[in-house]
Amino acid sequence: MKILVVDDDRQILEALTVGFQLQWQDSTVTPATDGEAGLRAFYEQDPDVVLLDVSLPGKNGFEVLKEIRGISDVPVIMLTARGEEHAQVRGLELGADDYIVKPFSHLALVARIKAVLRRAEMPPPVRALPDFVAGDLAINFESHQVTLKGESVKLTPVEYKLLFHLVRNAGRLMPHQALLERVWGADYGASTDYLKVFISRLRAKLEPEGGPPYIETERGLGYRFVRPEKAGPS
């Protein structure tokens, strides 16, 4: 496994490099101390997972993440300082798969990495399912291909898994907790803020301006996938 760590704190880089090599003996850890170096390493190494600090000299973590997301769905975990809730939300909105707050334990970070890698490697949920069609939206469950008006829609693994559970229960309200457990797992500790961010990302990709809404919000309760002819304001 190839891990790219982008952080300007050399002590953190050294500790993570040693820790990962002890945890995964076949791993290769590439350190980078600023945004530009991180992007160069990303293009050269094609890592399996990226750990990306928000506060970096040169290009900051958000700028690096935006560039990575322009070409790749590689799992990215943002490293943020304690109390930087705005940074955590912004990172998720830009396409990060998760974040962890400094200072963190090595075991907690390893657990987060394993979780995002499991989601990235998610097998088709049910291969026998027929294709799902609702208005201009079509989903092939076997290939994970999502199209809108015949054009491919690029979703991250988490976005696809969230959409999958919504369409499997089309027309029915999916409570916040049910979605959190099915997408992130009962023991993961994800909050409703995660749902808000990822629902927003799904809507941006599936509901272009002027297009019909596919996801309705029941404030304080959950979300519902609706077919265009039944869709209402959200």
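The values are calculated or read from the model by the stated rules, or taken from the named source; none is laboratory data. Everything numeric in this text was worked out from a predicted model, so none of it was measured. Don't worry about glycine lacking a Cβ; one is built from the backbone with ideal geometry, like all the others, and counts go over all protein chains shown. Areas reflect the complete protein model, heavy atoms only, side chains present, ligands, DNA and RNA absent. Shrake-Rupley method; radii C 1.70, N 1.55, O 1.52, S 1.80 Å.
Here is a yes/no grid of residues against (1) open to solvent by 10 Å² or more (accessible area, probe 1.4 Å); (2) at pLDDT below 85:
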residue	(1), (2)
GLY58	yes, no
PHE62	yes, no
LEU65	no, no
ILE77	no, no
THR80	no, no
GLY83	yes, yes
HIS86	yes, yes
ARG90	yes, no
LEU94	yes, no
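Entry remark, the stretch 4-27: residues being open to solvent by less than 70 Å² (accessible area, probe 1.4 Å) and either hydroxyl-bearing (Ser, Thr, Tyr) or touching a Ser or Thr at 6+ places or on another chain (Cβ under 6 Å) (or both) number 4 in total. Quick check on ALA41: is it farther than 19 Å from ILE100 by Cα and either open to solvent by 50 Å² or more (accessible area, probe 1.4 Å) or not hydroxyl-bearing (Ser, Thr, Tyr) (or both)? Taking the combined requirement at face value, the residue satisfies it.
Kindly evaluate SER152 against the criterion of being more than 13 Å from the chain's Cα centre (by Cα), under 26 Å from LYS66 (Cα atoms) and open to solvent by 70 Å² or more (accessible area, probe 1.4 Å).
So SER152 fits the description; yes.
Answer with yes or no whether GLU207 is surrounded by 14 or more Cβ atoms within 10 Å (Cβ to Cβ) and modelled with pLDDT under 90. Answer is yes for this residue. Restricting ALA186, ALA190, ALA128 to residues that are more than 22 Å from the chain's Cα centre (by Cα) and at pLDDT below 90 narrows the list to ALA128.
Remark: ALA111 matches the filter, which requires a residue to be open to solvent by 10 Å² or more (accessible area, probe 1.4 Å), closer than 30 Å to VAL18 by Cβ and out of contact with any Gly (no Cβ under 8 Å at 6 or more places or on another chain).
Is it fair to say VAL167 is modelled with pLDDT of 85 or more and assigned to a strand (DSSP E or B)? Judged against the criteria, VAL167 is not a match.
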